[in-house]
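*Asks:* One structure is given below, represented as structure tokens, and several questions about it will come after.
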Amino acid sequence: MIKPSGVFNYRYSQDMAVIRTKPQWITFALFLLALVVFPFVSSQYAMGIAITMMIYIVAAQGLNITTGFAGLINMANSAFMAIGAFTTGIMTVKFGLSHWIAFPFAGLVAGLIGVIFGVFSFRVKGLYLALITIGAQFIIMYILLHWNSMTGGVTGLNITPPHIGSFSFASTISMYFLSLIVCVIVVYLVRNIARSKVGRAFIAVRDNDVAAEVIGVNVKAYKTLSFFVGCFFTGIAGWLWCIYVGVASVDHYNLLESIWFLAILVIGGMGSVLGVILGVVFVEALKTVTVLLGPIVGDAIPAIGETIGTALPLLVLGLVVILALIYEPRGLAHRWEIIKRSYRLWPYSR
Amino acid sequence: MEQFLGYLIPGLMLGTVYTVIALGFITIYRTTQVLNMAQGEFFLLGAYAVFFTVSQLGLPIWLGLFLAFALLALLGASTERLALRPLVGQPVFAIILMTLGLAVFLKGVMVLIWADSILPMPSLFGIGGIKVLSITVPTQYVWFAVISLVISITLVYFFNRTKIGLMMTAAADDIQVAQSCGVSVNKITAAAWMIAAVITGIGGFLLCSITGVYQEMGALGLRSLAVVLAAGMESLGGAMIMGPVVGAIEMLAAGYLDPYVGGGIRDIIAFVVLIIFLLFRPQGLFGWKIIERV
């Protein structure tokens, strides 16, 4: 890791600091300030995109723990998000509990169901775990769709906005701040889990599980834990998402959505907290452009005008994944590191 | 009993479609250690390619079939060359995601060109019924099962008796030893992808000539993973046995369980089979080697 010129670490705390110098603190504070000011100067539409990005950052950070740090491929991430959403729906609609009580449970239920698959990962790994989680995606969504008495089947459950006292989170701007707070806390937690004992154990299990076991890492415990923590955060994202869109329904959480999550990880950079944020911003921006571009292309080429709306997102996702894997397999985070390094070494960098 | 056979026999017959798709999976996996998640899309493209050449271009059916499968072979080879070869040596996650990306991309192409409706296919077999063990089955099913079995047996013969097939088996066993014996791995890999694409495409064409072709048929690709796993990842013969078995399990489950769970169990029962096999016998029933456990 290259520090800015003239900066040296004299104490352990300096070595551990994520944000090291004064200019970095100022930039960081300005960035947070910009996030707070943003909803007051932007349109509803831009705010909606920002909320979606923040919720997806939460979910993708969950996947990042399981797949990026611990190396256990989870292809059912959107199904775990659905579990969080439906837990919220069932607790608030069927049992009449408060959204704030449902908040930890959305994470816990998703996490505990994730633990089941963590246990599967004791027996098989790599490709085979990927196949199990594909199966999990279909089976979980099947159960959620057909358990009519609880989940409302095809129509799903309508969720009212949460409220504190008389203040209701119905407006977009309040939803923005709710997502912002959750997102910042989750990013903070994941960034610190990643560099703690637990995070190092995850990385050891990912890189070489036999060696990890030899040096005293309890591989089974950490695999289970990585599934629990990862699915916990994804479940929390499900809580946010179902409150934001106002409904918990099975439409949104399909295999394609899970593939989008994996694409975010690859585009951003596996096992990098910053990478996931970059990946989500890139992918959501791309989705928005695709949605806007669809009708324009359709008008320009009438022969494909009817189908382009459905086809374009698929084409773009497929192409982006393929190109990212071939040309940028280490993700945007790696590219960012290169840029940062060459900036700090200037004028001696290439 | 009558009812049981009524589910079992069509299940066994339509299950041969899983054999065909699974053979495609296995052909690629044996030679390159890549599990091609885009098999379902190859399957569907086989049907659409025939629809394109025969119904849209109006070619005579045999020429149309030839052209369609030549296109599919080209697709298989170019997939390998453009998408998978740059990834040699990358971790398994990258390869899985690459084939998934391909699947999504091909699905996009198909939605773009042929939209989301059921298209009628040129029919090969007459309509009628045939009596099997006191159950009347549509003749088409019988033809379908027979052709699938013929394809499977040809493929097993190809792998065990012809030179290229033996080269593939050698590459599957140990790629370095095979190379030192003069097997060109690049050519073998391309050949494996072409064969897999064509076989899967033929399966797609055959099944869709009975049902008509529509986008949801692509889901069969992932479902036949259950057959691949149950057979063992390398066993061609195993796939021939397990395909009809999984097909029968699906039909029986749909027949007996659907009234209790509210329908649609057919779509996921294959995944239940897959998970059970992965948990209790991950090397499958006929696989070559013991899978590494942790």
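*Asks:* Do we find a residue being closer than 22 Å to A:Cys242 by Cβ and small (Gly, Ala, Ser) anywhere in segment A:10-21?
*Replies:* No; the residues of segment A:10-21 include none that is closer than 22 Å to A:Cys242 by Cβ and small (Gly, Ala, Ser).
*Asks:* Here is a follow-up. Hey, does segment A:12-26 have a residue that's at pLDDT 90 or above, farther than 30 Å from A:Val217 by Cβ and not acidic (Asp, Glu)?
*Replies:* Checked against the condition, which is being at pLDDT 90 or above, farther than 30 Å from A:Val217 by Cβ and not acidic (Asp, Glu), segment A:12-26 yields at least one hit.
*Asks:* I'd like to know if segment B:147-164 contains one or more residues that are touching a Pro at 6+ places or on another chain (Cβ under 9 Å), buried (at least 17 other Cβ atoms within 10 Å of the Cβ) and of a type in the set (Gly, Ala, Ser).
*Replies:* No, there is no match, as no residue in segment B:147-164 is touching a Pro at 6+ places or on another chain (Cβ under 9 Å), buried (at least 17 other Cβ atoms within 10 Å of the Cβ) and of a type in the set (Gly, Ala, Ser).
*Asks:* Of the conditions (1) within 14 Å of chain B (Cβ to nearest Cβ); (2) without any contact (Cβ under 8 Å) to a residue 40 or more places away in the chain, A:Pro104 satisfies every one except a single condition; which number is it?
*Replies:* (1)
*Asks:* Only one residue in B:Ile195, B:Ile202, B:Ile210, B:Ile175 is away from chain A (no Cβ under 14 Å), within 15 Å of B:Thr32 (Cα to Cα) and either among the aromatic types (Phe, Trp, Tyr) or in contact (Cβ under 8 Å) with a residue 60 or more places away in the chain (or both), so which one is that?
*Replies:* B:Ile195
*Asks:* For segment B:36-120, list the helices (runs of 4 or more DSSP H) that sit wholly inside it and hold at least 2 residues that are without any contact (Cβ under 8 Å) to a residue 60 or more places away in the chain; which are they?
*Replies:* Those helices (runs of 4 or more DSSP H) span B:61-79, B:92-114.
*Asks:* Right, here's the next one. Only one of A:Ile203, A:Ile264, A:Ile215, A:Ile193 is out of contact with any strand residue (DSSP E or B) (no Cβ under 7 Å at 6 or more places or on another chain), crowded, with 24+ Cβ neighbours inside 10 Å and either of a type outside the set (S, T, N, Q) or at pLDDT below 90 (or both). Can you tell me which?
*Replies:* Numbers: A:Ile203 fails: crowded, with 24+ Cβ neighbours inside 10 Å; A:Ile215 fails: crowded, with 24+ Cβ neighbours inside 10 Å; A:Ile193 fails: crowded, with 24+ Cβ neighbours inside 10 Å.
Result: A:Ile264 is the single residue among A:Ile203, A:Ile264, A:Ile215, A:Ile193 that is out of contact with any strand residue (DSSP E or B) (no Cβ under 7 Å at 6 or more places or on another chain), crowded, with 24+ Cβ neighbours inside 10 Å and either of a type outside the set (S, T, N, Q) or at pLDDT below 90 (or both).
*Asks:* Tell me, which helices (runs of 4 or more DSSP H) wholly within segment A:121-211 include 2 or more residues that are within 11 Å of another protein chain (Cβ to nearest Cβ) and closer than 25 Å to A:Ile277 by Cβ? Give the derivation first.
*Replies:* Working: elements: A:127-146, A:148-151, A:172-194, A:197-207.
Per the criteria, A:127-146, A:197-207.
*Asks:* Let me ask something additional. Only one of A:Ala194, A:Ala211 is without any contact (Cβ under 8 Å) to a residue 24 or more places away in the chain and among the small types (Gly, Ala, Ser); which?
*Replies:* A:Ala211
*Asks:* Scan (1) of a type outside the set (Asp, Glu); (2) over 25 Å from B:Leu65 (Cα atoms); (3) out of contact with any Asp or Glu (no Cβ under 8 Å at 6 or more places or on another chain) for the single condition B:Ala172 breaks and write down its number.
*Replies:* It is condition (3) that B:Ala172 fails.
*Asks:* Could I ask something else about it? Checking the conditions here, which among A:Val229, A:Val283 is within 12 Å of the chain's Cα centre (by Cα) and either under 18 Å from A:Met53 (Cβ atoms) or part of a helix (DSSP H, G or I) (or both)?
*Replies:* A:Val283
*Asks:* Yes or no: A:Leu319 surrounded by 16 or more Cβ atoms within 10 Å (Cβ to Cβ), of a type in the set (A, V, I, L, M) and closer than 25 Å to A:Asn64 by Cα?
*Replies:* Against the criterion (surrounded by 16 or more Cβ atoms within 10 Å (Cβ to Cβ), of a type in the set (A, V, I, L, M) and closer than 25 Å to A:Asn64 by Cα), A:Leu319 does not qualify.
Conditions (1) hydroxyl-bearing (Ser, Thr, Tyr); (2) more than 9 Å from every other protein chain (Cβ to nearest Cβ), marked per residue:
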position	(1), (2)
B:Thr19	yes, yes
B:Val34	no, yes
B:Met37	no, no
B:Leu44	no, yes
B:Tyr48	yes, yes
B:Phe69	no, yes
B:Pro86	no, no
B:Phe105	no, no
B:Ala115	no, no
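*Asks:* Please verify whether A:Gly111 is under 22 Å from the mean Cα position of the chain (by Cα) and at the interface with another protein chain (Cβ under 7 Å from one of its Cβ atoms), treating the condition exactly as stated.
*Replies:* no
*Asks:* Any idea which residue in segment A:302-315 is surrounded by the most Cβ atoms within 10 Å (Cβ to Cβ), counting only those that are at the interface with chain B (Cβ under 8 Å from one of its Cβ atoms) and assigned to a helix (DSSP H, G or I)?
*Replies:* Out of the qualifying residues, it is A:Ile308.
*Asks:* So, B:Leu124, is that one farther than 30 Å from B:Val185 by Cα, aliphatic (A, V, I, L, M), more than 10 Å from chain A (Cβ to nearest Cβ) and outside any helix (DSSP H, G or I) or not?
*Replies:* Yes: the conditions hold for B:Leu124.
*Asks:* Select from segment B:35-59 the residues that are surrounded by fewer than 24 Cβ atoms within 10 Å (Cβ to Cβ) and among the aliphatic types (A, V, I, L, M) and write down the one among them that is nearest to B:Gly232 (Cα to Cα).
*Replies:* This residue is B:Leu35.
*Asks:* For residues in segment A:327-350 being in a helix (DSSP H, G or I) and of a type in the set (Ser, Thr, Tyr), which is surrounded by the fewest Cβ atoms within 10 Å (Cβ to Cβ)?
*Replies:* Per the criteria, the residue is A:Tyr327.
*Asks:* Sort through A:Ile116, A:Ile83 and tell me the only one that's part of a helix (DSSP H, G or I), β-branched (Val, Ile, Thr) and modelled with pLDDT under 90.
*Replies:* After ruling out the rest, the residue left standing is A:Ile116.
*Asks:* Turning to a different aspect of this structure: Tell me which residues, restricted to segment A:138-182, are farther than 20 Å from A:Met47 by Cβ, of a type in the set (Phe, Trp, Tyr) and without any contact (Cβ under 8 Å) to a residue 24 or more places away in the chain.
*Replies:* Passing the criteria: A:Tyr142, A:Trp147.
The values are calculated or read from the model by the stated rules, or taken from the named source; none is laboratory data. The structure presented is a predicted model; accordingly, all values stated were derived computationally and were not measured. Heads up, the Cβs are rebuilt from the backbone with ideal geometry, glycines too, and the neighbour counts pull from every protein chain shown.
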